[in-house]
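This report concerns only the one structure given below.
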Amino acid sequence: MRYHPAMPEAAAPAPSASAPLTNAGGKSPAEVRAMFARVARRYDFLNHFLSLGLDIRWRKRAARELAGLTAADAVADLCTGTGDLAFAFKRAAPESKVIAIDFTPEMVAYGPKKAERKRMAGVSFAIGDALHIPLRDGSVAAAGVAFGIRNVGNLDAGLRELARVVRPGGKVLVLEFTKPGGWFFGPLYMFYFRWILPLLGRAISWTAGDAYRYLPQSVQAFAGPEEMSGRMRAAGLSDVRAEALTFGTVHLYVAVKQNAP
Ligand SMILES: C[S@@+](CC[C@H](N)C(=O)[O-])C[C@H]1O[C@@H](n2cnc3c(N)ncnc32)[C@H](O)[C@@H]1O
């Protein structure tokens, strides 16, 4: 059952502990891991090429939310992939320690290599599940996910985990694709997203073909800004903001972890 924004938050169904994990695109965690393992080698190139380089700007915008963090602060990037949000975090808050976590070893393997190439110290990479983040409660000043939460097997549990590791008053940042509105741009973009992008993905990398069919399918099935904001609140976050980027094709969600009562 999907949580509709019109439902009172108290009525949001609690995910059953025994329910099988399946994300918005209908994939299990094992399928998601296998898909990203296949695409890892071409991931960065395809990302930048298919978004016309806009993905770099989106992560930079999210990272600006970290302004003011100090050497005493740690920041986590979940579903880090090859580490691009973690690097954007480090650039925006150079003093803070950045912890980058993902459950696909083939993706994470690129992180340290990229850090070395970028001569960027202070970003550590770890294998870990966003549904069981290997960090203590309230141990980071902020936690972010770029284009990852849609892939997680249980959205509400993922949001609760992000909220758990952030200290009271700290921020949770989520970047995610959304379906743009408008009578002209919306359908035009969805045509590109559904039909052209998978063809381009497959032409550039045969093994990535499935991933770029899954991308539009999962975005279509995933929560829009209103629903997502409600679910962030239900996860114990407050002051939720949803900022539309690039004509609403992506949203940046910014929320604050409530102080303990
Ligand atoms: C589309 S990539 C995004 C990578 C990166 N954040 C970026 O901005 O390019 C999604 C990543 O989420 C990871 N992922 C999906 N479910 C996960 C989970 N439950 N725990 C940790 N990582 C997960 C995948 O392994 C993959 O690397």
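Coordinate-derived values only; no laboratory data. None of these values were measured; they are calculated from a predicted model. No Cβ is skipped: glycine too gets one built from the backbone with ideal geometry, and neighbour counts run over all protein chains shown.
Structure summary
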{"quantity": "Gaussian network model of the chain, Cα within-10 Å springs - most flexible of L175, L46, L162", "calculated": "L46"}
{"quantity": "Principal axis dimensions, the chain - Cα atoms, whole angstrom, descending", "calculated": "49, 48, 37"}
{"quantity": "Assigned charges on the beta-carbon of Lys, Arg, Asp, Glu; the chain dipole about Cα centre (debye)", "calculated": "600 debye"}
{"quantity": "Cα coordinate range in the range 30-86, projected on the principal axes (Å, largest first)", "calculated": "37, 28, 14"}
{"quantity": "Helix-only CD estimate at 222 nm, as mean residue ellipticity for the chain, using -39500 (n - 2.57) per DSSP H run (n ≥ 4)", "calculated": "-11500 deg cm²/dmol"}
{"quantity": "Compactness relative to 2.2 N^0.38 Å, alpha carbon Rg of the range 188-247", "calculated": "1.46"}
{"quantity": "Sorted by Cβ density within 10 Å, fewest first, the residues E226, E161", "calculated": "E226, E161"}
{"quantity": "Percent breakdown of C-alpha pair distances by 5 Å bin, ordered from the shortest bin, for the range 105-184", "calculated": "3, 13, 18, 21, 19, 13, 7, 3, 3, 0"}
{"quantity": "Rh by Kirkwood over Cα pairs, then Stokes-Einstein D for the range 25-141 at 1.002 mPa s and 20 °C, µm²/s", "calculated": "145 µm²/s"}
{"quantity": "Order by protection proxy (mean Cβ within 10 Å, highest first), peptides 130-136, 58-64", "calculated": "58-64, 130-136"}
{"quantity": "Sorted by Cβ neighbour density within 10 Å, fewest at the top, the residues E227, E243", "calculated": "E243, E227"}
{"quantity": "Pairs of lysine residues in the chain - Cα separation under 19 Å, sequence separation of 8 or more or cross-chain", "calculated": "14"}
{"quantity": "Size of electric dipole in the range 117-261: Cβ of Lys, Arg +1 and of Asp, Glu -1, about Cα centre, debye, nearest 20", "calculated": "400 debye"}
{"quantity": "Order of K97, K90 under a 10 Å beta carbon neighbour criterion, fewest first", "calculated": "K97, K90"}
{"quantity": "Beta bridge orientation in the chain: antiparallel %, DSSP, nearest 5", "calculated": "45 percent"}
